[in-house]
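Everything below concerns the one structure shown next.
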Amino acid sequence: MAFIELKHVSFTYPSADNAAIDDFSLSIEKGEFVVLFGSSGSGKSTVLRLLKKEIQPHGVLKGEMMINGHSLSQDGMPSSQVGFVFQDPENQVVADDVLHEVVFGLENMGVMTNEMRSRVAEMVHFFGAESLLHRKTHELSGGMKQQINLASVLLMQPDILLLDEPTAQLDPVSAREFLDMLVRLNEEFGMTIILAEHRLDDVFTIADKIVLLKNGKCIAEGEPKQVIETIWDSQEQPFIPNIPTLYLSTTKKENRRDIPLSVKEGRNWVQELNLIGQSKENRAHKEIQDKKLLEVKDLLFQYRKEGAAVLNELDFTLNKGEIYALLGGNGSGKSTLLKILVGILKPINGKVTLLDKPLKAWKSLEIAKKVGYLPQNPKIFFVHDSVEKEINDTMQKWNITNQTEVNNLLQRLGISHLLHNHPYDLSGGELQKAALACVLLRKPDILLLDEPTKGLDPISKDSFSKILHNLQEEGITVVMSTHDIEFAAQNATKCGMMFQGNITSENEPKEFFKGNYFYTTMVQRLFRHLPDKEIVTLGEAISLCK
Amino acid sequence: MQIRSKIVYAGLFIFMVGLLWLSLRYSDNYLLLSFGFVLISFLFIILRFEKRKMEARELVLLAVLAAIAAVGRIPFASIPSVQPTTFVIMISGLVFGAESGFMIGVIAALASNMILGQGPWTPWQMMAWGLVGLTAGLFNQSRLMSTLKGKIIFGIVWGFLFGWIMNLWSLLAIAQSGEALNIKSIYTYLASSVLFDFFHSISNVIFLVLFSKSWIKILTRFKRKYGLMEK
Amino acid sequence: MKGRFYAFHPIVNFSYYMGAILLVMINQHPIFLFVAFSILITFHFFNDCFNHMKQWLFFMFTTGILIFLINPLFNERGRHVLFEVMGHRVTLEASLYGGMSALSIISVLMLFISYNEVMTPNKLLFLFSKFLPQFAILLMLTLRFIPLMRRRLDEIAAVQVSKGISVKQGPWKERIKKGMLYVQILLTYSLEEAIQTADSMKARGYGQKKRSTYEYFRLNKKDSLTLLFLVILLSICLYGRFTGLGTLTIYPLMESIGLVPVEYFILLVYALFLCFPLLVEIGEVIRWRLLN
């Protein structure tokens, strides 16, 4: 019998009509690295939670779940055997300093201090986190917090680690570090890991087994390459990462051998192809008018007088019709710049000009009319307890009376059916669209988006990129800060790299990514060794290889 | 465990009786002794709380409300002498009962003092806000408190009462011997804070009029969501 | 700056401060209070040249003056009239009384300033977790949430300002309403998110067994002896106080300010107790000098 065994498990939440998990079976061997994927609401989290007894949701559960030969419905299995890491790094933290936080689980188990000390010493060594131990938790970055959460769970010495989208809220560098840690745990200590994820490029190369869920059902299951091939011709295609997509869309079925997953495998494959000519796909760019909407000159900003400058000698110009992507690491000042552009923060020094008039001279209500701002976390956008009330309130505030126009907008964003929901009951993608609707009602000229793709599944991301292009067609200018390189490469008309409070390079995506070595798309990495091929996006690559 | 807690209770009780005796014997120190007396009744409530093993959800809920009560004044930094702390504690007491209301008030005062710096006012603030929550919880079944008018009266009364309790700490220092301080000077002392207390009351009333309905609705929704409805 | 006294077990620190506050409050005698005041001033000077006291100076000063004045202003009782203003008698008794109260309050405030330095949240949490474990968890969660809520409020304010809802503009009542709207968003949002916090506690086994506490601080022999020493000193002072020593009776008839012989002994014990942290620090300095 397998180490973890799920047999015909079904689960229905109390007030739901449909089962969240529907006849789901899965067996996992000891030491396997399993990835669950699927769109939001497909039941990934529910499966994970069912496996962790303490946080099993209430509802009707059918079928059988066994871990290591023990049925989960019976007592007798120590709870510390299964560790659980949640999505949001912030919400899991219970203590104000790191040491309190990591020993929390041990204290709950009633472990004595001497034992705790030696376990902590060991763990700190493994994580290389000596310097963090006496810090306050709220001073840590999201990535560090998530590492601490993992450490706290690992101190309880579990055999199985369940992780519910642990990297969704992290920037790419921290996410990579976190995944590397999981790989080490799996390879060096034989830990059984079950991971639910959206960002699949990295995890497919490390997983032993991947499982695709849809509406609570298991659609495909098996080795990554095998599963990718099975779902290639189905609706689930958007889940497949770039490199295998490129391979599958350019290689005929009969010629397919080994599907490349990593850049390394991909390059080997590209080397074999004899590529001639240039990519035929030229992006049909809308002509960018040379009309300045926003201009920033010599900007200086710091949060505290004694503190370091967050933005320094920054210059920035935004022309009408652009989709401008601000890229850069954590703390490079992207979000701060957006907040200055919308007038939330006031610059210490320098000039900001909006539509040929200094920003200082604008009244804040007038700015709100011209510039719409969508925060990283759309939940805090909502004041009311239903989407409809929020929209009505916005209409009233901005004297919008044309109900049909509003209905059209909702229709186009595809959220008409969600009007009566509480904003917090929506999925990430839906929530974002609902907030976007409220912003668009004001008919702003400029739209500022802070990390719009954070935590979105691939399908929502696709639909968001379509919306973005529609907005551009309508003449709305967009500035977005993002960590999502692929998204920027696909959608932006201009990319800017922020580093230490300054925009250090700025160009059209093609030129921008061509020069970069680390900070670039998967596809560009694949074709970098071919100097005459300027290929950045998947579309360009496909047209070249065909 | 059982026996230990009984010993603790008995000890506290004896201590209280002892204090009573002392205050009769040394009547010139009655204010200080009565402070000790209040402190111990305080401990009784906290011990009661300690004995009831709480679910993680309930603890987290109390902590969130206490933290909101503590940071709630930030948006009002530009408006002098307006802070919603009393309002938040009052509504929490109304929805979650006397004990929870008391704990939220006590923890909110203690935690914010631990961050901003403690002083002789700390125990008084803990007591004042604790009592706001406690009384709101005690009266939450009454007919009066279910009306807005009742809540407003409650808010006004507590605006002044709070100020008076807070004045006690300095009064305590002045009034070491009961005879030295006459009624007149107590009145004057209390009156000196009357303007502040008035603003406190007014802001309580404004918050109650504008937000008590929506806050009670929100908290009741979460009471259900956290599975605390049966209590 | 964190001295030797800081390194003692929290229970020693805490007992010292509670005892010291009690003593300066109950020993209402000009000589006692003056001694206490001098010791505390010296201690603050020795510790950090009044660095931490600076920001409290104004508050201490105004409170002291206010309390010093309020008594003679409203209280005419006493046999020794100092002077008369517009028919109001200012007596020596009332002035003395006010002076003692002021000195006592200022001393208490000075003790608290040092208390805030020494009794870090971590130490206080440790003490609570020994005696009131559940209360300690609640306090720990709250202390963790406060900075989080503060940041969330900033974010909420930013987003709402971008929507045109700002607390900095508009009439008074509108501003209060908007401010409270921010807090309401914070409430709904945080309660929603906090379910995950509770889950994370449960997933780490909270509430399944009797908890243990990570002992940050160990009570060693030195700590116990110190504690015993402090308790003995305090008991002597309290005993003295309840037999009427170390306090000045003002009404109905003012005693002589001079001390009776046994009061000198009490004063010595009293000073020794209050001096304790100072002695510890001085001892440390001397030891360093000798070693180097």
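The values are calculated or read from the model by the stated rules, or taken from the named source; none is laboratory data. Every value quoted in this text rests on a predicted model; they were computed, and no experiment measured them. Cβ atoms come from the backbone with ideal geometry, glycine included; neighbour counts cover every protein chain shown.
At-a-glance table
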read-out	value
Residue check, C:I165 more than 30 Å from A:A437 (Cβ to Cβ), not small (G, A, S) and not assigned by TED's automatic domain parsing to the domain that holds C:F37	no
Residue identified as surrounded by fewer than 22 Cβ atoms within 10 Å (Cβ to Cβ) and either touching a residue at least 12 places away in the same chain (Cβ under 8 Å) or assigned to a helix (DSSP H, G or I) (or both) among C:F46, C:F32, C:F50	C:F46
Qualifying residue in the range B:43-63 (condition: at pLDDT below 75 and not in a helix (DSSP H, G or I))	no
Per-region count, the range C:170-193, residues within 7 Å of another protein chain (Cβ to nearest Cβ) and either part of a loop (DSSP other than H, G, I, E, B) or in contact (Cβ under 8 Å) with a residue 40 or more places away in the chain (or both)	1
Selected residue (criterion: surrounded by the most Cβ atoms within 10 Å (Cβ to Cβ)) from residues of the range C:103-119 that are within 9 Å of chain B (Cβ to nearest Cβ) and of a type in the set (S, T, N, Q)	C:S104
Top-ranked residue of the range C:70-89 - restricted to ones that are touching a Leu at 6+ places or on another chain (Cβ under 9 Å) and surrounded by fewer than 20 Cβ atoms within 10 Å (Cβ to Cβ), ranked as nearest to the other protein chains (Cβ to nearest Cβ)	C:F74
For A:N402: the one exception among (1) modelled with pLDDT under 85; (2) of a type in the set (S, T, N, Q); (3) farther than 28 Å from A:I340 by Cβ; (4) within 32 Å of the chain's Cα centre (by Cα)	(4)
Residues of the range C:131-151 satisfying the condition of being within 21 Å of A:P375 (Cα to Cα) and at the interface with another protein chain (Cβ under 7 Å from one of its Cβ atoms)	C:P147, C:L148, C:M149, C:R150
Enumeration of residues in the range A:94-112 that are among the hydrophobic types (A, V, I, L, M, F, W, C) and more than 7 Å from chain C (Cβ to nearest Cβ)	A:V98, A:L99, A:V102, A:L106
Elements of type strands (runs of 3 or more DSSP E) contained in the range A:175-273, each with 1 or more residues being polar (S, T, N, Q)	A:192-196
Those residues of the range C:155-184 which are surrounded by 19 or more Cβ atoms within 10 Å (Cβ to Cβ) and under 17 Å from B:V205 (Cβ atoms), in sequence order	C:R175, C:I176, C:G179, C:M180, C:V183
Out of A:R49, A:R117, sole residue that is more than 7 Å from chain C (Cβ to nearest Cβ) and in contact with a helix residue (DSSP H, G or I) (Cβ under 6 Å, 6 or more places away or on another chain)	A:R49
Conditions (1) at positive phi; (2) in a helix (DSSP H, G or I): number failed by B:A67	(1)
Given (1) in a helix (DSSP H, G or I); (2) in contact (Cβ under 8 Å) with a residue 24 or more places away in the chain; (3) under 16 Å from the mean Cα position of the chain (by Cα), index of the condition C:L57 fails	(2)
Residues within the range A:191-205 that are at pLDDT 90 or above and of a type outside the set (S, T, N, Q), tallied	5
Unmet criterion (only one of (1) surrounded by 13 or more Cβ atoms within 10 Å (Cβ to Cβ); (2) in a loop (DSSP other than H, G, I, E, B); (3) free of Cβ contacts under 8 Å to residues at least 12 places away in the same chain) for C:P252	(1)
Number of positions in the range A:388-420 that are within 14 Å of chain C (Cβ to nearest Cβ) and either in contact (Cβ under 8 Å) with a residue 12 or more places away in the chain or surrounded by 12 or more Cβ atoms within 10 Å (Cβ to Cβ) (or both)	9
Selection status of A:E122, touching a residue at least 12 places away in the same chain (Cβ under 8 Å) and either surrounded by 22 or more Cβ atoms within 10 Å (Cβ to Cβ) or more than 27 Å from A:R199 (Cα to Cα) (or both)	no
Positions within the range A:318-358 being within 16 Å of A:I503 (Cβ to Cβ), at pLDDT below 85 and among the hydroxyl-bearing types (S, T, Y), in sequence order	A:S332
Answer residue from the range B:44-76, given it is among the aliphatic types (A, V, I, L, M) and more than 9 Å from every other protein chain (Cβ to nearest Cβ) and is surrounded by the most Cβ atoms within 10 Å (Cβ to Cβ) among those	B:A69
Helices (runs of 4 or more DSSP H) contained in the range A:416-527 and holding at least 1 residues under 25 Å from A:R267 (Cβ atoms)	A:458-473, A:485-491, A:509-515, A:522-527
Yes/no for B:L31 being at pLDDT below 80 and out of contact with any helix residue (DSSP H, G or I) (no Cβ under 7 Å at 6 or more places or on another chain)	no
Total residues in the range B:97-140, condition buried (at least 24 other Cβ atoms within 10 Å of the Cβ), among the β-branched types (V, I, T) and within 14 Å of chain C (Cβ to nearest Cβ)	3
Check on A:A196, touching a His at 6+ places or on another chain (Cβ under 9 Å), in contact (Cβ under 8 Å) with a residue 24 or more places away in the chain and surrounded by 15 or more Cβ atoms within 10 Å (Cβ to Cβ)	no
Residue satisfying all of: in the range A:365-387; buried (at least 18 other Cβ atoms within 10 Å of the Cβ) and at pLDDT below 85; nearest to the other protein chains (Cβ to nearest Cβ) among these	A:A368
3 or more residues of a type in the set (V, I, T) and more than 24 Å from the chain's Cα centre (by Cα): qualifying strands (runs of 3 or more DSSP E) within the range A:292-359	none
Any hit, the range C:191-199, residues being among the small types (G, A, S) and under 30 Å from C:R144 (Cα atoms)	yes
Scan of the range B:194-230 for residues that are away from chain C (no Cβ under 12 Å) and exposed (fewer than 15 other Cβ atoms within 10 Å of the Cβ), ordered by number	B:V194, B:L195, B:M229, B:E230
Considering residues of the range A:221-253 that are acidic (D, E) and at pLDDT below 85 only, the residue surrounded by the most Cβ atoms within 10 Å (Cβ to Cβ)	A:E236
Criterion: surrounded by 17 or more Cβ atoms within 10 Å (Cβ to Cβ), among the charged types (D, E, K, R) and at pLDDT below 85 - qualifying residue of A:K533, A:K546	A:K533
